[in-house]
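This report refers to the structure that appears directly beneath it.
Read-outs: derived from the displayed coordinates by stated rules, not from any lab. Please read these numbers as outputs of a predicted model, since none were measured by experiment. Here the Cβ positions follow ideal geometry from the backbone for every residue, glycine too, while neighbour counts run over all protein chains shown.
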Amino acid sequence: MKNKLARIKYLPNNFEIIEEGDHVICAVSGKKVLIEKLNYWNVDLQEAYFSYVEASQKRKELESKG
């Protein structure tokens with residue numbers, strides 16, 4: 001299962017793997033996020049983030065639009 005993109009449904013405190021894989025792609029940076037390292041995501045947008053930096057950047061971007 002190496003180097004296969006997973007399909008995930010992001011839930012409020014967890015996520016559900018829809019299609020097996022070993023990583024997802026950060027919606028902000030485009031970096032690969034290994035499933036076992038996945039800690040940051042947005043349930044409403046169904047997006048994953050590499051780290052708190054990208055998650056914070058996305059939050060600020062959304063706040064400035066709102």
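Scan the range 41-57 residue by residue and report those that are in contact (Cβ under 8 Å) with a residue 12 or more places away in the chain, in a helix (DSSP H, G or I) and surrounded by fewer than 18 Cβ atoms within 10 Å (Cβ to Cβ).
Matches in the range 41-57: TYR52, GLN57.
Using beta carbons and a limit of 7 Å, which pairs, at least six apart or on different chains, have the first residue in the range 23-40 and assigned to a loop (DSSP other than H, G, I, E, B) and the second one acidic (Asp, Glu)?
From residues that are assigned to a loop (DSSP other than H, G, I, E, B), the pairs are ALA27/GLU47; VAL28/GLU54; SER29/GLU54.
Take the range 5-22 and flag every residue that is in a loop (DSSP other than H, G, I, E, B) and either charged (D, E, K, R) or in contact with a Ser or Thr (Cβ under 9 Å, 6 or more places away or on another chain) (or both).
Of all residues in the range 5-22, those in a loop (DSSP other than H, G, I, E, B) come to 6, 11-14, 20-22.
Those that are in a loop (DSSP other than H, G, I, E, B) and either charged (D, E, K, R) or in contact with a Ser or Thr (Cβ under 9 Å, 6 or more places away or on another chain) (or both): GLU20, ASP22.
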